[in-house]
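Take a look at the structure set out below.
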Amino acid sequence: MYKRVLIILSFLFITPVVHAQKWQPGSFTDMKGNKVTGLIRENPSGKAPIRDEGFIEFKDNSKSNPYKLSASDIKSFIVGQDSFVVAHAPRNENWSKRELDFVKVALNEDVRLYVAKVKTGSGSGIGVSPEFGGGIGTGGYSGAGGGIAINLGGGGGKIRTTWYYGANTAEMQQLTPINFKDIMSDIMGDEPDVVEKIQAGQFNLASIDKLIAYFKQVKASHK
């Protein structure tokens, strides 16, 4: 039993590291609005170029030398089919050691849906966000429900997968089990069949990935 626990813990620690080392085709938009295409590593290890900011690594091609881009250097970036924008932590929230970071745009509707994978709280405890279980999505940001995290070690810091909504990042607020039906019905209001299922309780925060996939499927059926 003890060996099984060690194996599981080893998997949790190794998985994010493997994901962090992957280079993927993508692009970023700089502060002047220029789009630059190349290869991006979205969750690199190592020291951030600017303290308290998230960062990515970029290189023009597989043979060129990579360089780091801090959140304040760019407006947004794209990796594969996933889009990320720069954001501050919403009011009354604290992203530990990340005053400025990236959030993924999960749905680009009139009211946007964002998802962030950030460290919250204080201390030096080791946080590992689950990369397995129900509702796995692409990009390493989707997972089993908003705000669910695993905290290993002391210190109180946790890495959470948290969902937000808003017209833009300056207005984003946290999606919770309490406001889930109202907010998701508003975001997906152009699809009455989807809204009906939300109001009937067929989806909740823990199954939000399935809801997003269903919404996109219904939306695509009209084209």
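I'm checking my understanding of the structure. Among residues of the range 78-108 that are among the basic types (K, R) and not in a strand (DSSP E or B), which one is farthest from W23 (Cα to Cα)?
Step one: of the range 78-108, the residues among the basic types (K, R) are 91, 97-98, 104.
Applying the additional criterion that residues be not in a strand (DSSP E or B) yields 91, 97-98.
Values: R91: 33, K97: 24, R98: 23 Å.
Only one residue fits best here, namely R91.
In a residue-by-residue description of the range 65-76, the property of being part of a loop (DSSP other than H, G, I, E, B), in contact (Cβ under 8 Å) with a residue 24 or more places away in the chain and either in contact with a helix residue (DSSP H, G or I) (Cβ under 8 Å, 6 or more places away or on another chain) or surrounded by fewer than 20 Cβ atoms within 10 Å (Cβ to Cβ) (or both) applies to at least one position.
Within the range 210-223, the set of residues being closer than 14 Å to M188 by Cα and either of a type outside the set (G, A, S) or outside any helix (DSSP H, G or I) (or both) comprises K210, L211, I212, Y214, F215, K216, Q217, V218, K219.
Provide a single number: the residues in the range 153-167 that are surrounded by 14 or more Cβ atoms within 10 Å (Cβ to Cβ) and modelled with pLDDT under 75.
Count: 5.
Selection of the range 194-212 for residues being of a type in the set (G, A, S) and surrounded by 13 or more Cβ atoms within 10 Å (Cβ to Cβ) yields A206, S207. Quick check, is V118 closer than 14 Å to D52 by Cβ, part of a strand (DSSP E or B) and at pLDDT below 80? Considered against the rule, which asks whether it is closer than 14 Å to D52 by Cβ, part of a strand (DSSP E or B) and at pLDDT below 80, V118 comes out as yes.
Which one is nearest to V86 (Cα to Cα), of the residues in the range 194-209 that are touching a helix residue (DSSP H, G or I) at 6+ places or on another chain (Cβ under 7 Å) and not in a helix (DSSP H, G or I)? Among residues in the range 194-209 that are touching a helix residue (DSSP H, G or I) at 6+ places or on another chain (Cβ under 7 Å) and not in a helix (DSSP H, G or I), the one nearest to V86 (Cα to Cα) is N204.
For the range 168-193, a tally of residues being of a type in the set (A, V, I, L, M, F, W, C), exposed (fewer than 14 other Cβ atoms within 10 Å of the Cβ) and either part of a helix (DSSP H, G or I) or modelled with pLDDT under 95 (or both) returns 1. Here S62, S83 are screened, and the one residue that is surrounded by fewer than 19 Cβ atoms within 10 Å (Cβ to Cβ), at pLDDT 70 or above and in contact with a Lys or Arg (Cβ under 8 Å, 6 or more places away or on another chain) is S83.
Comparison of E42, E99 shows that the only residue that is of a type in the set (D, E), modelled with pLDDT under 95 and surrounded by fewer than 18 Cβ atoms within 10 Å (Cβ to Cβ) is E99. Residue selection: P44 satisfies the criterion of being part of a loop (DSSP other than H, G, I, E, B) and touching a residue at least 24 places away in the same chain (Cβ under 8 Å).
The values are calculated or read from the model by the stated rules, or taken from the named source; none is laboratory data. All of these numbers come straight from a predicted model, not from anything done at the bench. Note that each Cβ is placed from the backbone with ideal geometry, even for glycine, and that neighbours are counted across all protein chains shown.
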